[in-house]
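Written out below as structure tokens is the structure these notes cover.
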Amino acid sequence: MQPLRIGMSKKTTHFLFTLPGVLVFAVLFLGPMFTGIYYSMTNWDGLSKKYNFIWFENYIQTFSDVRFMGDIRFTLSYTFLLTFFVTVLSLLLAVALNSRLIRFRNAYRSAFFFPAVLGSIVVGLIWNQIFYGVIPNIGKFLGINALSTNPLGNPNLALYGILFVSIWQGIAIPMVLFIAGLQSVPQHLYEAATLDGATIFQKFRDITFPFLVPVLSVVLVLKIRAGLTTFEYIMAMTGGGPGFSTESIGLLIFKQGFGNNRFGLGAAQSVLLLVAIALFSILQFSYLNRKGVDQQ
């Protein structure tokens with residue numbers, strides 16, 4: 001006689017376990033996303049109960065706005081530099097801190113990871129005071145004219161000041177991810193390559209890099225998204241100035257909604273930003289997935 005089966009099927013059990021996460025995702029992500037798309041086609045000011053549908057006028061106005069185009073150039077430049085330097089520096093640090101030749105590796109890892117536990121606004125405010133009060137004094141003491149004044153007040157240097165701070169804090173998590181990826185590479189492959197006379201570069205290109213592709217994909221998505229949506233550092237350090245030289249798309253969206261009471265226009269610009277992030281992510285994943293190896 002077969003035993004009596006009591007309870008739900010396996011598929012039903014799996015569905016119920018995933019249901020809370022799906023509901024949270026729908027409420028906190030899908031709901032606001034579709035609400036933003038809805039309001040992007042209106043002239044809502046964010047306060048009144050009445051508004052009119054203007055359909056695609058906000059999008060047309062956005063693409064004809066010289067200020068928005070300038071913010072796109074700044075945001076793309078910032079994103080490229082942030083992604084490049086964070087990826088390269090975090091990979092170099094991961095390789096160094098994964099080496100057995102380095103003593104006190106855990107202490108160094110903790111030191112480099114420390115900035116990640118600080119809030120972005122806090123970091124921005126701290127470095128804003130450093131740039132305002134410390135850097136000019138050091139520049140005057142060393143006789144360096146370029147550093148004798150606050151770099152954040154110079155339209156030609158403000159970008160690099162913000163970029164330095166974002167790299168300083170943003171390098172921590174990618175470094176940890178790369179260390180985890182390096183530890184997943186089978187050591188016998190390195191031993192076989194050594195016996196075959198492979199150079200360090202050949203080992204990295206043919207063994208290490210293919211195994212790091214999944215990690216690299218995650219790092220690039222995180223940094224591209226962080227660059228395209230950057231807001232906290234700029235808000236805390238320059239407010240978009242001097243002039244509009246450091247105004248990002250994220251900061252412009254904030255100003256449109258809360259400064260100019262043009263929530264419809266700000267929503268349209270945020271929808272365009274969402275589409276840009278999605279396209280960058282899809283293209284990057286489709287390219288890097290062809291370069292990796294199947295680790296199953």
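The values are calculated or read from the model by the stated rules, or taken from the named source; none is laboratory data. This structure is a prediction, so every number in the text was calculated from the model and none was measured. Using ideal geometry, Cβ is built from the backbone for each residue, glycine included, and neighbour counts are taken over all protein chains shown. Each accessible area value is taken on the protein alone, full model and side chains, heavy atoms only, with ligands, DNA and RNA left out. Shrake-Rupley method; radii C 1.70, N 1.55, O 1.52, S 1.80 Å.
Results, tabulated for the structure shown:
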{"item": "Matching residues, region 84-97, being closer than 29 Å to Glu247 by Cα and surrounded by 23 or more Cβ atoms within 10 Å (Cβ to Cβ)", "result": "Val86, Ser90"}
{"item": "Some residue of region 111-119 being in contact with a Leu (Cβ under 8 Å, 6 or more places away or on another chain) and either open to solvent by 70 Å² or more (accessible area, probe 1.4 Å) or without any contact (Cβ under 8 Å) to a residue 12 or more places away in the chain (or both)", "result": "yes"}
{"item": "Region 30-40, subset under 17 Å from Ile253 (Cβ atoms) and aromatic (Phe, Trp, Tyr), residue most open to solvent (accessible area, probe 1.4 Å)", "result": "Tyr38"}
{"item": "Members of region 265-284 that are closer than 21 Å to Asn58 by Cα and in contact (Cβ under 8 Å) with a residue 40 or more places away in the chain", "result": "Leu265, Ala267, Ala268, Gln269, Ser270, Val271, Leu272, Leu273, Leu274, Ala276, Ile277"}
{"item": "Conditions (1) in a loop (DSSP other than H, G, I, E, B); (2) surrounded by fewer than 17 Cβ atoms within 10 Å (Cβ to Cβ); (3) in contact (Cβ under 8 Å) with a residue 12 or more places away in the chain; number of the one not met by Thr246", "result": "(2)"}
{"item": "Subset of region 201-225 (residues that are over 20 Å from Ser184 (Cβ atoms) and surrounded by fewer than 21 Cβ atoms within 10 Å (Cβ to Cβ))", "result": "Phe201, Ile224, Arg225"}
{"item": "Hits in region 229-240 - residues which are open to solvent by 10 Å² or more (accessible area, probe 1.4 Å) and not charged (D, E, K, R)", "result": "Thr229, Phe231, Tyr233, Met235, Ala236, Met237, Thr238, Gly239"}
{"item": "Subset of region 47-83 (residues that are open to solvent by less than 40 Å² (accessible area, probe 1.4 Å) and more than 28 Å from the chain's Cα centre (by Cα))", "result": "Ile54"}
{"item": "Any chance Asn128 is more than 23 Å from Arg225 (Cα to Cα) and open to solvent by 80 Å² or more (accessible area, probe 1.4 Å)", "result": "no"}
{"item": "Hits in region 48-85 (condition: of a type outside the set (S, T, N, Q) and not in a helix (DSSP H, G or I))", "result": "Lys49, Lys50, Tyr51, Phe53, Ile54, Trp55, Phe56, Asp65"}
{"item": "Count of region 1-15 residues which are modelled with pLDDT of 85 or more, open to solvent by less than 80 Å² (accessible area, probe 1.4 Å) and not hydroxyl-bearing (Ser, Thr, Tyr)", "result": "0"}
{"item": "Verdict on Leu23 being in contact (Cβ under 8 Å) with a residue 24 or more places away in the chain and open to solvent by 90 Å² or more (accessible area, probe 1.4 Å)", "result": "no"}
{"item": "Filter result for the condition that a residue is under 19 Å from the mean Cα position of the chain (by Cα) and either open to solvent by less than 10 Å² (accessible area, probe 1.4 Å) or of a type in the set (D, E, K, R) (or both), over Ile167, Ile162, Ile171", "result": "Ile162"}
